[in-house]
Structure formats: C-alpha cells, structure tokens
Amino acid sequence: LSAHSQTMTRSTGIAFFLFIPFLALGQGGDAQVRAKADQFFTEQRFAEAMPLYSQLVSLTPSDRNLNYRLGACMLFGNAAKEQSIGHLKFATEAPDTDPLAWYWMGRAYHLNYHFKEAQVAYQRFLGTADKKTLAAWPVEALQRQCRNGEKLLSSLKEITVRNKVEVADADFFRFYDLADIGGRIVVLPEELRTSIDKKRKHRGLVYLPERNGPIYFSSYGRDGETGLDIYRTEVLPDGTYATPVKLAGYINTPDDEDFPFLHPDGKTFYFSSKGHNSMGGFDVFRAGYDKGLDAFGRPENLDFAVSTPDDDILYIVDAEQKEACFASGRNSKQGNLHVYRVGTAQAP
C-alpha cells in the first residue's frame, strides 16, 4: 500500500467494520456490490448505500470516486457526518473530480459548522458544474445560510437534554410527551389541503390546544410561489373550517415556513423556517404576538443547541415555558429524526 493508502486504512478501518454487512465478495462480487451501491446512490438512498461504499473503500482506499460517494453517504448516517469530511477532501484533490463532490464537500462542512469552508466548496461547485447540475442542486440558499451561521456562532448556548429517541420521520410526532404540556398533534385535515399541497404530497401537522381557538398550519396555498407558508383558520359552530388566512407581517418569507405553535399564553409564537436567518434547513424561531392588533413581531432564531445546520422542527413548550419538545435531523439516519425533551433554560 502507498503511504496515503495506509493512512486511510488505519484512520477509517475501525469505523468501516462497525457497519459493514457480511457480503461474500469472491470473484466479481465487488462489482455486484458496486452496482448495488451506485443504484442506491442514484436513487438518493444514501443510508442504504453507505455500508456498501464503506466495504468498497476498505478494499480500494485510493479510489477517489468511491471516497466521494462514501463521504456523501456518510452525511445521511447516524454519527458519521464529521468523518465524511476526510473522504470528500481526498476525493476533491483530483482535478477530474465529479463537480457534485464539491457540493457534498460544502454540505459536509455546512452540517459540521465549518461555515467559511462550506462557502468555499459551494463556490467551487458553482464554478465547475454545468447548468443542468446547478439547477438540480441549487446552493444560493445554502450559501446564505452559511453566512447566517457565522453570525450565530458568536452566541453559543447550551440546554439540558432530558430525553431523546430516534424514530422514523413519518411518525416522529407520535413520540412527543405532551402529558404536562396539553393538547395533541394531528395530521392536517384533508379539507385544509390545497391542490398544490396534494400534488406536492404535503401533509402538514397541526397542534390542537385543549381549548378551542385558532388553528395554525402550513400550506403551499393556491400558487405555491413562496413555498410553504403558515396559515390560520378555526372551527366554525357547524364543524366546518373558516377560510384559511395567510399570516401577514414578519412570519412568512419566500422560503419554507412550517410547524407553527402558539403558546398557551397567547403571546408567544414558535415555528420553523428555512428563511429569516436560518443557518440551514429548518431552524426554530420565536416571535411575539399581539392579539389586540393581530400582529406578529420580528422572529428570533433560538440559536445553537436548539437550531442547527440540519432540520429542527415542531418546537412545543409547556405552559411555564420550562420544558419543550422538538425534533431534529442532527445525528439522525436518513429517514429518521431524533425527538428531544429539553429544558428551555439556556446557558452560554
């Protein structure tokens, strides 16, 4: 082995064997594994492709293309997101690297809070990929999120995690412990879905308080031009819903907003957004609400510990604002989310 190959083998060998399934390679077996891995990769089933590429890289650690694909897949594993950087760095050293390797290099830095390096990688992607690839993998919003992340890094905070569990993302809301919070979470009723919601297969979640009152939910609306926005309705005496109204003011942006929750105090509104000063994916925001004026104040990012460069969603707080539940994609396998129960007190 070359010196580089020996280093790659030593540094990654232990991690590889933690999740490599037993596969009989034999003569031509590695070609079959490669074909299956490439199929998963093309279908964006990255978590399924990861152990296959791990096996292939362990056999051929100097193959830069395999390292690129393994590095990309690691971003969709449980705790291997930081390890992805080394594989992608090695892959992007080659002059003939697939331009998408630079995109995934940017994502690796981005998800690991290296916002400056992420912006450099995104720029390399913009400078090397063709128009079709750039259209399929846009990075303008990601670059903006990195700039936001740099500013948010100046006020790092910690919270106390009471409990966390990793579950399938389709059912994550069923794992919220609302015993001392009250209310319940339901799937958006069919009557409130627009034709675009149905076309894009959006089926939002709605928090229903114990007392009757306004119902907040997300929708693409009638035209979908500004992505997901937050709307309000209420149940009428005859059991039907009032005509939904899109929230005016500061809450909605040209990017997606989702997972709204009006606190029982009637004054504090929580939601998730990819806009405002999000550092990546959905961040959790808080805004004041004046019922008399029916007006929302400027949203404030809850910052690190709650918000991350990954998706952080459906933040629900108890009446005393001492504990909260939310879900996050951080350190979660593709197709899963972690559901957290945390104390709301933040310390530097």
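The values are calculated or read from the model by the stated rules, or taken from the named source; none is laboratory data. Here the structure is a predicted model, which is why all the values come from computation and not from measurement. Because the Cβ atoms are built from the backbone with ideal geometry, glycine has one as well, and the counts that use them run over all protein chains shown. Ligands, DNA and RNA are excluded from the accessible area calculation, which covers all protein heavy atoms including side chains. Shrake-Rupley method; radii C 1.70, N 1.55, O 1.52, S 1.80 Å.
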- [ ] Restricting attention to the stretch 140-170, report how many residues are hydroxyl-bearing (S, T, Y) and either closer than 17 Å to V284 by Cβ or within 16 Å of the chain's Cα centre (by Cα) (or both).
- [x] 2
Open item on the list: Residues to consider are K201, K164; find the one that is open to solvent by 70 Å² or more (accessible area, probe 1.4 Å) and on the phi > 0 side of the Ramachandran plot.
Closed with: K201
Task: Qualifying position, being of a type in the set (D, E, K, R), in a helix (DSSP H, G or I) and under 17 Å from G280 (Cβ atoms), among K116, K81 - done: K116
Open item on the list: Any residue that is in a helix (DSSP H, G or I), under 30 Å from R232 (Cβ atoms) and touching an Asp or Glu at 6+ places or on another chain (Cβ under 9 Å) - is there at least one of those in the stretch 147-159?
Closed with: yes
Open item on the list: Cβ contacts < 9 Å: first residue farther than 13 Å from P189 by Cα and in contact (Cβ under 8 Å) with a residue 12 or more places away in the chain, restricted to the stretch 239-252; second residue aliphatic (A, V, I, L, M) and open to solvent by 70 Å² or more (accessible area, probe 1.4 Å), any location; separation 6+ or different chain. Result?
Closed with: none
TODO: For the stretch 226-246, state whether one or more residues are open to solvent by 60 Å² or more (accessible area, probe 1.4 Å), part of a helix (DSSP H, G or I) and not polar (S, T, N, Q).
DONE: no
- [ ] Find the strands (runs of 3 or more DSSP E) located wholly in the stretch 276-342 whose residues include 2 or more that are more than 29 Å from E82 (Cβ to Cβ), and list them.
- [x] 283-290, 312-317
Task: Filter result for the condition that a residue is of a type outside the set (D, E), more than 19 Å from F217 (Cα to Cα) and in contact (Cβ under 8 Å) with a residue 60 or more places away in the chain, over G280, G292 - done: G280
Task: Residue in the stretch 253-275 that is most open to solvent (accessible area, probe 1.4 Å), counting only those that are part of a loop (DSSP other than H, G, I, E, B) and free of Cβ contacts under 8 Å to residues at least 60 places away in the same chain - done: K267
